[in-house]
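This report concerns only the one structure given below.
The values are calculated or read from the model by the stated rules, or taken from the named source; none is laboratory data. Computed from a prediction, not measured in an experiment: that's the story for all the values here. With ideal geometry, Cβ positions are generated from the backbone for all residues, glycine too; neighbour counts draw on all protein chains shown.
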Amino acid sequence: MKLITTLQHFLSLASLPLPLPLASAQLDKYAKLAGLSYFGTAVDNPRLYNPQYMSALQSSDEFGSLTPINAQKWKNIEPVQQVFTWAEADAIANTAKAGVGGKKTLRCHTMVWFKGLPSWVETTYSRADMEHILTAHIQNLAWHFKGRCYAWDVVNEAIDDNGVFRQSPMYKAMGIDFITFSFKTAAKADPSAKLYYNDYALESPFLSPGPKISITLAMLRTVKAQGGTVHGVGFQSHLKVGLVPPRSEMASTMQQFLEVVDEVAITELDIRHSPLKTPSTRAMWEQQARDYGEVVGACLDVNKGYGGRKCVGVTVWDFTDKYSWVPSEIPTEGEACLWDNNYVKKLAYWTVLNMFKSAAGVSKRAAVNGTDSESETAADHGVESVVTGRARPVPREEEDQGGGTRTVVATTLATAVRVG
Ligand code: G3I
């Protein structure tokens, strides 16, 4: 099946105009032109040794920011009390600094989380001991990466899906004061970094029918009233295809948070098929593309509403399905990323790129006049019809009806949509 699909893929390409050069695909470049500070990706250390991954990661202007997926987690940074291991996190920081394909900023993740803890933290401490532990951990992280982290996820996921504070060792020792304490300590240790609270299911009440959003807002107000510095809120946005809240709803939730903090960001975006059906269908990829468009559109709308940069950036939680966290944690779900397993860009990729181009005012007319050959690329990939929902007579791939024979009519979409 895979071989047939691959053959069909190449046969279909043979009769087509050649895809436009890679230089036209620059998410970070167009995100910036559309008013964001960056488009970034999360990355984990084993990928740094994969040349194919690195070439996509470093292609010109694609990603303007990196977030370490695991390297800065407590377990990896301070596996033994007061013993700090920096090599993996430094390797990612150095990749950002090296500037191949454009210098990247570093979003740092994460100082205090109930997961990813070393066993020595997973025990009972007095309040005084926990303050001492948090101080040493946060200070060392902040000092080590000072000047390198544009932003820190200081506290991650302190509140569960029902709006209840998680029973982490930090909470058990200090109650919710551990949050203010962490933000205060981070602000003192690195006054120049943007300090974030980061969580999932904050995107809309539709995703958290309980009081998670209102409890989180109240918690942030309390932290600030107690003198803690919180600059931003990260909306992780681990979402499911077909179950993404409407763009307007996500934008209005972000606006609610902007009454409490200065900025928001999409920090861990991926949209998984749940359940993952095989063989996949074109409709699945179109829905995923629309869903990515809703999230990115919400961020752009927030900025329009404020006349400035308030939703500062979008980070995907890795860019290729090859390394997505989803199948290892939720085996029946997946294919959540913008690139597939084979580093082929999906329809969702072109949708996101085209949204940035539209917001940046890159017009088809300019392309025709030869002033911007790049906007043609998005249209060539059939993106317009997906973004706007308008039917457009693009040639299409026939879906496999299960009998094994499938006719690929012809389309440059073959480069964007993986079927099979
Ligand atoms: O490091 C060991 C390695 O030595 C061993 O060979 C391997 C065998 O399974 O496990 C490795 O550790 C795993 C690590 O990922 C690296 O692959 C851990 O067991 C595993 O728990 C860890 O999962 C990470 C998870 O956070 C927990 O820290 C995922 O990669 C990572 O994508 C996920 O990211 C979180 C964000 O930090 C917060 N928001 C939700 C998001 C998704 O769950």
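Only one entry in Tyr349, Tyr323 is within 16 Å of the ligand (Cβ to nearest atom), crowded, with 19+ Cβ neighbours inside 10 Å and not polar (S, T, N, Q), namely Tyr323. Reported count of residues in the range 330-342, each being more than 17 Å from the chain's Cα centre (by Cα) and either crowded, with 24+ Cβ neighbours inside 10 Å or among the acidic types (Asp, Glu) (or both), is 1. Going through the range 141-162 one residue at a time, which ones are away from the ligand (no atom under 16 Å from the Cβ), at pLDDT 95 or above and over 22 Å from the mean Cα position of the chain (by Cα)? Within the range 141-162, Ala142, Trp143, His144, Lys146, Gly147 qualify. Just so you know, in the range 67-122 the residues that are of a type in the set (S, T, N, Q) and more than 22 Å from Phe183 (Cα to Cα) include one that is farthest from the ligand (Cβ to nearest atom), and it is Asn94. In the condition set (1) closer than 26 Å to Asp199 by Cα; (2) in contact with a Lys or Arg (Cβ under 9 Å, 6 or more places away or on another chain), Asn70 is compliant with all but (2). Somewhere in the range 306-316, is a residue outside any loop (DSSP other than H, G, I, E, B), in contact with a His (Cβ under 8 Å, 6 or more places away or on another chain) and within 16 Å of the ligand (Cβ to nearest atom)? Scanning the range 306-316, I find no residue that is outside any loop (DSSP other than H, G, I, E, B), in contact with a His (Cβ under 8 Å, 6 or more places away or on another chain) and within 16 Å of the ligand (Cβ to nearest atom), so the answer is no. Quick check: is even one residue across the range 292-305 within 16 Å of the ligand (Cβ to nearest atom) and either of a type outside the set (D, E, K, R) or farther than 16 Å from Gln236 by Cβ (or both)? Yes.
The residues of the range 255-272 that are more than 16 Å from the chain's Cα centre (by Cα) and not acidic (Asp, Glu), listed by number, are Gln255, Gln256, Phe257, Leu258, Val260, Val261. Out of all the residues in the range 175-191, is one or more in a loop (DSSP other than H, G, I, E, B) and within 16 Å of the ligand (Cβ to nearest atom)? No. For the range 356-369, the count of residues that are modelled with pLDDT of 95 or more, touching a strand residue (DSSP E or B) at 6+ places or on another chain (Cβ under 6 Å) and either in a helix (DSSP H, G or I) or buried (at least 16 other Cβ atoms within 10 Å of the Cβ) (or both) is zero. When you look at Ala42, is it within 15 Å of the ligand (Cβ to nearest atom) and either free of Cβ contacts under 8 Å to residues at least 24 places away in the same chain or aliphatic (A, V, I, L, M) (or both), yes or no? In short, yes.
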